Each structure stands twice: as structure tokens, then as C-alpha cells.
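Enquirer: Have a look at the structure that comes next, please.
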Amino acid sequence: MFKNKGLFFIFLLILSFAGVFVGAKNLPKLHAVQDYVDEGVMEFAPYQVLPTQVEVKAIRFRRSRSARDTTRTVYILTYKATNGSGYQWKKEVPSKFHGNALIQEGALESRRVLSIPKDRTYITVAPNESAASCAGSERTRYVLLLGISAAYIVLYLLAALILHLKHKPSA
């Protein structure tokens, strides 16, 4: 892929800067465990499948006049809470046919609802998850991304400094 090993390390450096940016941007936005209110495990029934367009994210190095942003169609199956609370849960299904088959089957799905009153929002997670496990896994993901990226940047700069000092012409 890379004919020059130096380009590979520069590519990793660029990815590391992106990792630091994403980690530093998203880590402060995460909710603390005490922000969540556990509404309990609820049963959700499938009721509607709709197509939606999502952007295909691809790296484009050249853009021509004919190049357009590409999208693809995905099918989203929406589940409603059976207790009439108004909570919904959505998941992607492979096709409209598959989504309609799940609706006809009517199999209930159990999900834990965690509300965030200060934002007037909520999330649904697997029934065995809790606010602590959900918040902890998100925090761990961003801390790891930030830490590994920052460590690579430091190691790259340290290696560049050592190579610079090693190849510096003596006077």
C-alpha cells in the first residue's frame, strides 16, 4: 500500500490528530451517570418500517464536476413501547420485506429506557445494561481514542527529534 514507510507513519500521524480531535470534542459532551434516570425495562413492539437516505461516507481525493454526494437507502424499523409511554426504539433492517415480516411476527423486544431529563431526551439500551455501564463504556471509548492517539503523536515527535539529532552534521 505504502511504498515509502515514512508516508505510512505520516498517515498514522494524521489519523492520530483526527483521533485527538474527535476524543477531545466528544469527551466533554458525555453525560454523567447521575444525569440518567432509569425508567426500567420495557417491552417494545415493531410497528413501522420506512426507507431513509443516508450519506455514504467516502474519502474523496479528487472531485470532478460529475462527482456527486452519494447516498444509499436503508430501512429503519421503529418499535413503540407497549405500555403507551410514547418511547420508541429504532433499528436498521436489511430490507423493507424483512422489516414487514418482523412487524407481522409481532415479536416483542425488551429494552431498558434511560431518560436524560435536563435534555428532555432518552436512550434505549439492552436490558442488562445500566446507566453506569452505558456511560462508562462511552467514556472508556473516547479516553482510549484520545490516549492512544496522543501517545502516537508524542512517540512520533520523539522519534523525529532523535533522528534529527542523530543525523545532524557535526561541526
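Enquirer: So what does Val20 come to for accessible area, using a 1.4 Å probe and Å² rounded to 10?
Expert: For Val20, solvent-accessible area is about 40 Å².
Enquirer: Another one. Helix-only estimate, please: 222 nm mean residue ellipticity of the chain, summing -39500 (n - 2.57) across DSSP H runs of length 4 or more and dividing by its residues, to the nearest 500. Walk me through the intermediate numbers first.
Expert: Numbers: 3 runs with 68 residues, N = 171.
So the helix-based figure for the chain works out to -14000 deg cm²/dmol.
Enquirer: Angle check, please: helix 5-26 long axis (alpha carbons) against the longest principal axis of the chain (alpha carbons), in degrees 0 to 90, nearest 10.
Expert: Taking the Cα atoms of the chain, the angle to 5-26 is about 40 degrees.
Enquirer: Still on this structure, please answer the following. Might you tell me the accessible area per residue for the chain, computed with a 1.4 Å probe and given in Å²?
Expert: Counting only protein heavy atoms, the per-residue value for the chain is 73 Å².
Enquirer: Could I have the simple spin-label model distance between Ala18 and Lys91, label points 7 Å from Cα toward Cβ, reported in nm to one decimal?
Expert: 2.9
Enquirer: In the set (1) 1.06; (2) 0.98; (3) 1.51, which value of Cα Rg over 2.2 N^0.38 Å was calculated from the structure you see?
Expert: Computed from the coordinates, Cα Rg over 2.2 N^0.38 Å corresponds to (3).
Enquirer: Quick one: pull the percent of accessible area on the chain belonging to carbon and sulfur, 1.4 Å probe, ligands and nucleic acids left out.
Expert: The nonpolar share, carbon plus sulfur, comes to 60 percent.
Enquirer: Quick one: Karplus J couplings for region 89-95, per residue in order, coefficients 6.51, -1.76, 1.60, θ = phi - 60°, nearest Hz, x for Gly and Pro?
Expert: These are the phi-based 3J(HN,Hα) values: 9, 10, 9, 7, 10, x, 7 Hz.
Enquirer: I've got another one for you. With θ set to phi - 60° and the Karplus curve 6.51 cos²θ - 1.76 cosθ + 1.60, what are the ³J(HN,Hα) couplings of region 28-44 in order, to the nearest whole Hz, using x for Gly and Pro?
Expert: After applying 6.51 cos²θ - 1.76 cosθ + 1.60, I find x, 7, 5, 7, 6, 4, 6, 6, 8, 10, 7, 8, x, 8, 10, 8, 10 Hz.
Enquirer: So between Ala101 and Arg141, what do we pick up on full extension, going 0.36 nm a residue minus the alpha carbon distance?
Expert: 10.9 nm is the gain from fully extending Ala101 to Arg141.
Enquirer: Amide H to amide H, which residues 5 or more places from Tyr122 or on other chains are under 5 Å from it, using H placed in the peptide plane?
Expert: Ile116
Enquirer: Work out how much length Asn128 to Leu158 would gain on full extension: take 0.36 nm times their residue separation and subtract the Cα-Cα distance, in nm to one decimal.
Expert: Stretched out fully, the Asn128 to Leu158 stretch lengthens by 6.4 nm.
Enquirer: Next question, about the same structure. Using θ = phi - 60° and the Karplus relation 6.51 cos²θ - 1.76 cosθ + 1.60, list the HN-Hα couplings for region 120-132 in order, rounded to whole Hz, with x at every Gly or Pro.
Expert: 6, 10, 7, 10, 10, 9, 4, x, 7, 8, 10, 4, 5
Enquirer: Taking amide hydrogens as modeled 1.01 Å from N in the peptide plane, which residues meet the under 5 Å criterion relative to Gln48, leaving out close sequence neighbours?
Expert: So Gln48 has HN proximity to Thr78.
The values are calculated or read from the model by the stated rules, or taken from the named source; none is laboratory data. Keep in mind it's a predicted model, so treat the numbers as computed, not measured. Using ideal geometry, Cβ is built from the backbone for each residue, glycine included, and neighbour counts are taken over all protein chains shown. Accessible surface areas use protein heavy atoms only, side chains included; no ligands, DNA or RNA. Shrake-Rupley method; radii C 1.70, N 1.55, O 1.52, S 1.80 Å.
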